[in-house]
1. Report the residue count in the stretch 102-123 for those that are modelled with pLDDT of 85 or more and outside any helix (DSSP H, G or I).
2. Do we have any residue at all in the stretch 86-101 that's in a loop (DSSP other than H, G, I, E, B), at pLDDT 90 or above and over 17 Å from the mean Cα position of the chain (by Cα)?
3. Among the residues of the stretch 54-78, write down those that are assigned to a loop (DSSP other than H, G, I, E, B) and either touching a helix residue (DSSP H, G or I) at 6+ places or on another chain (Cβ under 8 Å) or under 28 Å from residue 109 (Cα atoms) (or both).
4. Could you tell me which residue of the stretch 104-123 is nearest to residue 70 (Cα to Cα), considering only residues that are in contact (Cβ under 8 Å) with a residue 12 or more places away in the chain and loosely packed, with under 12 Cβ neighbours inside 10 Å?
5. Before we move on, is residue 51 closer than 30 Å to residue 120 by Cβ, touching a helix residue (DSSP H, G or I) at 6+ places or on another chain (Cβ under 7 Å) and modelled with pLDDT of 80 or more?
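The values are calculated or read from the model by the stated rules, or taken from the named source; none is laboratory data. Keep in mind that what you see is a predicted model, and the values were worked out from it rather than measured. Heads up, the Cβs are rebuilt from the backbone with ideal geometry, glycines too, and the neighbour counts pull from every protein chain shown.
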């Protein structure tokens with residue numbers, strides 16, 4: 001292994017640019033996410049990062065159909081929160097955080113899909 005001369009942690013000299021007060025506020029926000037509904041803050045305003053992604057037409061149609069089906073199959077007491085395409089994408093990401101699959105030598109999207117489906121789809 002080639003040595004870079006930077007030591008074990010070459011970025012250790014960088015200090016946080018967030019003031020201690022701001023760090024405390026961030027921790028409070030993270031700890032109090034359940035209180036968002038009580039305070040009346042819309043859920044979408046609690047997210048920090050905006051991401052744009054490119055989809056195929058069939059993928060978009062799938063998301064829209066799933067949203068319609070979810071909305072059609074909810075009784076009034078379960079209409080507490082609006083389900084959107086963003087909601088579905090966040091849920092899919094959360095669900096896959098705990099799925100372990102072979103990530104070695106994945107050449108393309110097709111192979112990635114194949115490996116994920118092997119783990120997720122049960123016969």
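1. Here the count works out to 7.
2. No, the stretch 86-101 contains no residue that is in a loop (DSSP other than H, G, I, E, B), at pLDDT 90 or above and over 17 Å from the mean Cα position of the chain (by Cα).
3. Across the stretch 54-78, the qualifying residues are 54, 55, 56.
4. The extreme case among them is 120.
5. No: the conditions fail for residue 51.
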